[in-house]
C-alpha cells in the first residue's frame, strides 16, 4: 500500500442482517494464511511469488464458480509493465436484472518481496494487502451463495499497486466507467482502527454519498463509518480507487489501518500473527451488509465530482 489507508473495524451483530450464507472466520483465516505465507515470497512484481499468489486467487475464484470478465477466457487480465508481463485477477457474478451496471470489490495482491539475508527475509504483507484480497475472496463466496445481486459484481485483485498502481490503471482503461455504479476498494483491514472496534474511515467520504448509504444500511448496529481523519495526506488519490474516481465513479477505499501508528507497515514484521482475525472477519461482514442495497440495485451512489 502506497501510504494509503482506510479504516473499518467491527464487532457488530448480524443476527438480523445476515443469516445464511455466512462469512466464516475459518475461511478468512485459511485464505489470509495462504496469501501471506512465506511460500508466496512477498508477492513482488515480476517474481515467482506473485505468480503463485495469482494462481491461488484464480483457484479460489474457480472454486466459487465466478465467471470471466468481458472477452477474457480465464481469470487473468494480462498486460505489460515496462515491457514485462503482469496480470490482474478478475472474476464476475452477472447481475440478474441490471447486468450492465457494475459494482466492483477490489484489493491489491502485490507486495515488497524479500531481503537477501537475515533471520526473517520475507515481506509477508499480511495486512498490506493480503487482508484486502482475503476480503475480496470472502465477499465473492458470500455473494455467490446469496445469489440475489441485481447488478453485476466484479471482484478484482490488482497487481503493481506498490510500484505505481499499474494494475488498477489498466483495469480502469478497459471498463466503461459510466457503467460502474460503485467501487469498494479494501486495504489493510487486519488491525483495529483509530477509534477502536466498530469503526471505519472511508477516503473521499465527502465526495459522494457512498459512505452515507453504507452508514444507513448499518443502522441499528454499533458499527460506524467515519470520514477520513487525515485530509492532509490526500489518501483518496493514492490507492487503487483513484483512477476510476477520477472518471467520476464513486470509488472509495475501506481500511482499519491507523496512518499514524502502524508499526508493521512495509516491515518484515507484517505477518499474520500481528492481525486480529476475529475483528477482520467482522469488518468483512460489515462491508457485505452495508453494500447490500447497492448490490441489489436499490441505491445508486452519487458520482464523484
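The values are calculated or read from the model by the stated rules, or taken from the named source; none is laboratory data. The structure displayed is predicted, hence computed values, not measured ones. A quick note on method: Cβ atoms are made from the backbone with ideal geometry, for glycine too, and the neighbour counts reach across all protein chains shown.
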Out of (1) touching a strand residue (DSSP E or B) at 6+ places or on another chain (Cβ under 6 Å); (2) farther than 15 Å from residue 282 by Cβ, the one residue 224 does not meet is (2)
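Search the stretch 52-66 for residues being without any contact (Cβ under 8 Å) to a residue 40 or more places away in the chain and surrounded by 14 or more Cβ atoms within 10 Å (Cβ to Cβ), and hand back the single one that is nearest to residue 113 (Cα to Cα). Please lay out each step first, then the result.
Going residue by residue through the stretch 52-66, those that are without any contact (Cβ under 8 Å) to a residue 40 or more places away in the chain are 52, 55-56, 58-59, 62-63.
Retained after the next criterion (residues that are surrounded by 14 or more Cβ atoms within 10 Å (Cβ to Cβ)): 52, 56, 58.
On the way: 52: 13, 56: 17, 58: 20 Å.
Once the filter is applied, the top-ranked residue is 52.
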Output for Cβ contacts, cut-off 8 Å, separation at least six or different chains, first residue at positive phi and crowded, with 24+ Cβ neighbours inside 10 Å in the stretch 157-173, second in a loop (DSSP other than H, G, I, E, B) and modelled with pLDDT of 95 or more, reads 160/45; 160/110
Considering (1) over 13 Å from residue 53 (Cβ atoms); (2) in contact with a strand residue (DSSP E or B) (Cβ under 9 Å, 6 or more places away or on another chain); (3) assigned to a helix (DSSP H, G or I), say which one residue 142 fails and leave the rest. (2)
The stretch 54-81, residues that are touching a helix residue (DSSP H, G or I) at 6+ places or on another chain (Cβ under 9 Å) and at positive phi: 65
Of (1) touching a strand residue (DSSP E or B) at 6+ places or on another chain (Cβ under 9 Å); (2) within 30 Å of residue 80 (Cβ to Cβ), residue 210 satisfies all except one. Which? (2)
Exactly one of (1) within 26 Å of residue 297 (Cα to Cα); (2) in contact with a helix residue (DSSP H, G or I) (Cβ under 6 Å, 6 or more places away or on another chain) is unmet by residue 112. Its number? (1)
Answer yes or no: is there a residue in the stretch 84-97 that is more than 27 Å from residue 249 (Cβ to Cβ) and modelled with pLDDT of 95 or more. yes
It is to be established whether one or more residues within the stretch 179-188 are surrounded by 18 or more Cβ atoms within 10 Å (Cβ to Cβ) and out of contact with any strand residue (DSSP E or B) (no Cβ under 6 Å at 6 or more places or on another chain). no
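Each row is one residue, and each column tells you yes or no for (1) surrounded by fewer than 22 Cβ atoms within 10 Å (Cβ to Cβ); (2) outside any strand (DSSP E or B); (3) in contact with a strand residue (DSSP E or B) (Cβ under 8 Å, 6 or more places away or on another chain); (4) in contact (Cβ under 8 Å) with a residue 40 or more places away in the chain.
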position	(1), (2), (3), (4)
69	no, yes, yes, yes
99	yes, no, yes, yes
103	no, no, yes, yes
111	no, yes, no, yes
119	yes, yes, no, no
124	no, yes, no, yes
130	no, yes, no, yes
Quick check: anything in the stretch 30-38 in contact with a strand residue (DSSP E or B) (Cβ under 8 Å, 6 or more places away or on another chain), within 13 Å of residue 124 (Cβ to Cβ), modelled with pLDDT of 95 or more and not in a loop (DSSP other than H, G, I, E, B)? yes
